[in-house]
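Below is one structure, written out as structure tokens; comments come after it.
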């Protein structure tokens, strides 16, 4: 399910961002991690 969520979010963001596929997917993972952890502290997301 996580891969599906990342793919869906990447589809939405890719036209808006001038980034490579891997960078968009990394950004999606960070966004999903922030939502799941309910924090922006990178130590919590790691």
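Only the coordinates and a few stated rules stand behind these numbers; no lab work does. Just so it is clear, the model here is predicted, and its values are computed rather than measured.
Structure summary
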| item | result |
| --- | --- |
| Answer label, with volume of the Cα convex hull per residue in Å³ calculated from the coordinates and candidates (i) 123; (ii) 77; (iii) 104 | (ii) |
| Gained length - residue 12 relative to residue 44, 0.36 nm times residue gap less alpha-carbon distance | 8.9 nm |
| C-alpha long axis of helix 21-37 to longest principal axis of the chain, angle in ° | 30 degrees |
| Principal-axis tilt of helix 2-13 within the chain, Cα atoms, nearest 10 degrees | 60 degrees |
